[in-house]
Amino acid sequence: MSITIKQFRLSKLCAVLKGAVILPWKTNAVGRLGRITGRLTIKNRGEFVVGKNVSFHSKPFQSSITVSKQATLWVGDNVFFNYGLDIGCTKSIRIGSNTIIGPMVNIIDTNFHPVDVNDRSVSKDIVISENVWIGRGVLILPGVTIGRNSVIAAGSVVTRDIPSDVMAGGTPAKVIRAIDVPNEWIRRYN
């Protein structure tokens, strides 16, 4: 059986991504050294850009990413996504480099459904800055910006902006305390 050069290049790219066959076909751009373990469902009708060295760990629970028409989901370099991730992007979500996203995290830039007849909800941009750690079971709602180096405690619901260099938590999330993060320090994951 013979294969074309295009098929060979594509199969070589997929092998490098360790089973991430989904990524080359469902993203608009993907960096080197991307990894997927487990099941990741991607529905991309907009623009989905993934940086280099991005990991999706979708075991034991599947992860899901939906990017609507005319929406943009941008993921920086060295980002780790844990299992049970659910991202719903209808306008714009930006996730900065060196960010760690814990298990069972939900990030949505719209409410999807009106609460009542007078509800004029619209999609609002979400920005998660560089070197941020989002704990287990966090819900990030539309219009939120999370500042550089910040940590969001497990189980929090982020409804408003969180400044840089703080630990925040609760429902709704609020600043708990400042944290000491030197300029060049990068949070690592295991």
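Restricting ILE152, ILE186 to those that are surrounded by 15 or more Cβ atoms within 10 Å (Cβ to Cβ), among the β-branched types (Val, Ile, Thr) and either under 17 Å from ILE95 (Cβ atoms) or touching a His at 6+ places or on another chain (Cβ under 7 Å) (or both) reduces the list to ILE152.
Against the condition among the polar types (S, T, N, Q), in a loop (DSSP other than H, G, I, E, B) and closer than 25 Å to VAL54 by Cα, how does ASN183 come out, does it pass? Considered against the rule, which asks whether it is among the polar types (S, T, N, Q), in a loop (DSSP other than H, G, I, E, B) and closer than 25 Å to VAL54 by Cα, ASN183 comes out as yes.
I'd like to check something: does region 127-149 contain any residue that is of a type in the set (Asp, Glu), modelled with pLDDT of 95 or more and surrounded by fewer than 19 Cβ atoms within 10 Å (Cβ to Cβ)? Steps first, answer last, please.
Step one: of region 127-149, the residues of a type in the set (Asp, Glu) are 130.
Now narrow it down to the ones that are modelled with pLDDT of 95 or more: 130.
Filter once more, so that each one left must be surrounded by fewer than 19 Cβ atoms within 10 Å (Cβ to Cβ): none.
No; the residues of region 127-149 include none that is of a type in the set (Asp, Glu), modelled with pLDDT of 95 or more and surrounded by fewer than 19 Cβ atoms within 10 Å (Cβ to Cβ).
Selection within region 49-85: residues that are among the basic types (Lys, Arg) and assigned to a loop (DSSP other than H, G, I, E, B). The member of this set that is surrounded by the fewest Cβ atoms within 10 Å (Cβ to Cβ) is LYS69.
Out of curiosity, is ASP86 without any contact (Cβ under 8 Å) to a residue 40 or more places away in the chain, closer than 16 Å to SER58 by Cβ and out of contact with any Leu (no Cβ under 8 Å at 6 or more places or on another chain)? When the stated conditions are applied, ASP86 passes them. Number of residues in region 6-48 that are surrounded by 15 or more Cβ atoms within 10 Å (Cβ to Cβ), modelled with pLDDT of 90 or more and part of a loop (DSSP other than H, G, I, E, B): the value is 1.
Tallying residues that are assigned to a loop (DSSP other than H, G, I, E, B) and either modelled with pLDDT of 90 or more or buried (at least 17 other Cβ atoms within 10 Å of the Cβ) (or both) within region 99-124 yields 9. The numbered conditions (1) on the phi < 0 side of the Ramachandran plot; (2) part of a loop (DSSP other than H, G, I, E, B) are all true for VAL127 except (2). For region 144-190, the set of residues classified as among the charged types (D, E, K, R) and in contact (Cβ under 8 Å) with a residue 60 or more places away in the chain consists of ARG187 only. When the criteria are applied in full, VAL166 meets the requirement of being over 17 Å from the mean Cα position of the chain (by Cα), aliphatic (A, V, I, L, M) and surrounded by 17 or more Cβ atoms within 10 Å (Cβ to Cβ). Output yes when any residue across region 172-187 is among the polar types (S, T, N, Q) and in contact with a Leu (Cβ under 8 Å, 6 or more places away or on another chain), and no when none is. No, that holds for no residue.
The values are calculated or read from the model by the stated rules, or taken from the named source; none is laboratory data. Nothing here was measured: the structure is a model prediction, and the numbers come from that model. Glycine also receives a Cβ, built like all others from the backbone with ideal geometry; neighbour counts cover every protein chain displayed.
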